[in-house]
Every structure is written in structure tokens, then in C-alpha cells.
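Student: Here it is, the structure, as C-alpha cells.
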Amino acid sequence: MRIEVAVDIPLSADETRQLAGILGCKEPQLNDVLQSVASAALQEYVRMFLGQKVFTRGSDMLEYRLFLLMRELFNNTVPNEERVCSLFQATTSNARALIRSVLSKYQYELHDAFSGTIRSTLDSARRIEKDGDYEVTVNSQSVIDGLNRALAERDGTLPSIVKKRGTVCTYVIRPSAFKELRLAFPAGADRHG
């Protein structure tokens, strides 16, 4: 059985503008974006009411909430730390720790989300020069940590992905590491299979 719920939330023009900014969308898209957030929030409450997800620690509740948002709001991808900072009113280090905890605790449920995020990160990498290193701009330490973890699992002798000197969030991937990551996360592979 599917249950549909409609909610009316009165917001001022300033609140609407601010909320659209926090959620990273244009004001006309706000209703659709909030539909995804409402779906995640309602799932959280329903699971609690049914006794399936009753938490005694606030951190467990925040982790479950982010897990649901990853599935619903972020279309089964891993958000960067800045998005989590905005939504949870957290510091960057707290957001990074929250993402890391969610990826660990819900690793099986988020396997496709994490693989898809890694795959799209590799898709955006560009070779600096022919036969040279690859560069990728990533605004998420969790993704870089995941890439390095994947390398370590496959071959611990491969070079790690490192920040490009003098940049904020551009990283260098050596060709041998890129090749191994592409074997693990091939371009164009079905994210749900």
C-alpha cells in the first residue's frame, strides 16, 4: 500500500529565498525539492512509529536522517561536506564525520550511491598531458578517502590520490591508480547493477 501525503507550509518571501539557497535550488523548484525532503522525513517518522528505527542517541538519528536524505534528496549519491553543513547547521569537520559514519554504518544500503559518486568523480577527471597524471576537482574529503580506500583494497602498492599543491580541492591521480580505479568503477556502468 502506498500513502500519499500533502502538506502546506506557509513561508514568507525571505524564508522561501533562504530555503531555496540552503537546498541549492531555484525558488520555482523548491516544491519538488521539498517533496524529496518530506519523503525522507516521513520515512524517518513512520519507521520510528513502527518501532523499526528507534534511536536513543542523537548521533544515530542524525546518521539515519542523512542516510534517508542521500537516498531521497540527493538521488542516491553522496553529498559533499558543504551541502551537509548547510542542511545540518554543522561545521565542516562535523559534516565530514557524519558522512563518514553514514557511509560506514549504511555501507551495504549505500553501495550503489557510493559507487555512483566514485564513478562520476572518475568521469570528471582530466588528463593533464598525454600519458601524464589525471586531475579532478572534488569538494568532498569523504569521496577522496573512499577512492584511496578502494585503491588500498585492490593493491596497497598503488600511489594514493593527493591534493594538488596550491589548490583548495583539486587532486592528482597517478595513471596506475586511475587505471585500477577504472577497473573497479568502469565508466558508464549501471549504478543499480
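What follows is calculated from the coordinates using simple rules that are stated; it is not laboratory data. Remember, predicted model here, so these are calculated numbers, not experimental data. Here the Cβ is made from the backbone with ideal geometry for all residues, glycine too, and neighbour counts use every protein chain on show.
Student: Taking R0 as 25 Å, what's the FRET efficiency between Q29 and V7 from their Cβ-Cβ distance, rounded to 0.05?
Tutor: The computed FRET efficiency comes out at 0.90.
Student: Taking the Cβ of C25 as the centre, find all other residues whose Cβ is under 13 Å away and add up their charges (Lys, Arg: +1; Asp, Glu: -1).
Tutor: In short, +1.
Student: Tell me what the chain gives for mean residue ellipticity at 222 nm when only DSSP H runs of n ≥ 4 count, each as -39,500 (n - 2.57), the sum divided by the residue total, rounded to 500 deg cm²/dmol.
Tutor: -17500 deg cm²/dmol
Student: Still on this structure: Modelling each spin label as a point 7 Å along the Cα-to-Cβ direction, I'd like the K105/N75 distance in nm, to one decimal.
Tutor: The answer from the label model is 2.7 nm.
Student: Once you have the Kirkwood Rh of region 9-89 from its Cα pairs, apply Stokes-Einstein at 4 °C and 1.567 mPa s and quote D in µm²/s.
Tutor: 95
Student: For the chain, find the longest principal axis of its Cα atoms and tell me its angle to the long axis of helix 58-72, 0 to 90°, nearest 10.
Tutor: Tilt relative to the chain: about 80 degrees.
Student: Taking N as the number of residues in the chain, what value does Rg over Cα atoms divided by 2.2 N^0.38 Å take?
Tutor: Normalised Rg, Cα atoms only: 1.16.
Student: My understanding is that a pair violates if its Cα-Cα distance is over 20 Å; which of K130/K179; K105/K164; K105/K179 do that in this structure?
Tutor: Too far apart for the 20 Å limit: K105/K164; K105/K179.
Student: Further, regarding this structure: Need the C-alpha centroid separation for region 1-58 versus region 126-155, integer Å.
Tutor: 34
Student: Tell me the net charge near Q89. Cut-off is 14 Å between Cβ atoms, Q89 excluded, with +1 for each Lys or Arg and -1 for each Asp or Glu.
Tutor: That sum, taken over residues with Cβ under 14 Å, equals 0.
Student: Order these peptides, 160-173, 44-57, 72-85, by their mean beta-carbon neighbour count within 10 angstrom, highest first.
Tutor: Descending mean neighbour count gives 72-85, 160-173, 44-57.
Student: Using a basic spin-label model with each label point 7 Å from the Cα along Cα→Cβ, how many nm lie between T56 and R154?
Tutor: Between T56 and R154, the label points sit 4.2 nm apart.
Student: What's the angle, to the nearest 10 degrees (0 to 90), between helix 111-123's Cα axis and the longest principal axis of the chain?
Tutor: 50
Student: How far is helix 13-23 tilted, in degrees, relative to the longest principal axis of the Cα atoms in the chain, given as a value from 0 to 90 rounded to the nearest 10?
Tutor: So the inclination is approximately 40 degrees.
Student: What are the ³J(HN,Hα) couplings of region 140-156, residue after residue, when phi is run through the Karplus curve with 6.51, -1.76, 1.60 and θ = phi - 60°? Round to Hz, x for glycine and proline.
Tutor: Working through the residues one at a time gives 8, 5, 4, 5, 4, 4, x, 4, 5, 5, 4, 5, 4, 5, 7, 6, x Hz.
Student: If amide H atoms are built 1.01 Å from N in the plane of the peptide, which residues on other chains or at least 5 residues away come under 5 Å of the amide H of T137?
Tutor: Residues meeting the amide H criterion: Y171.
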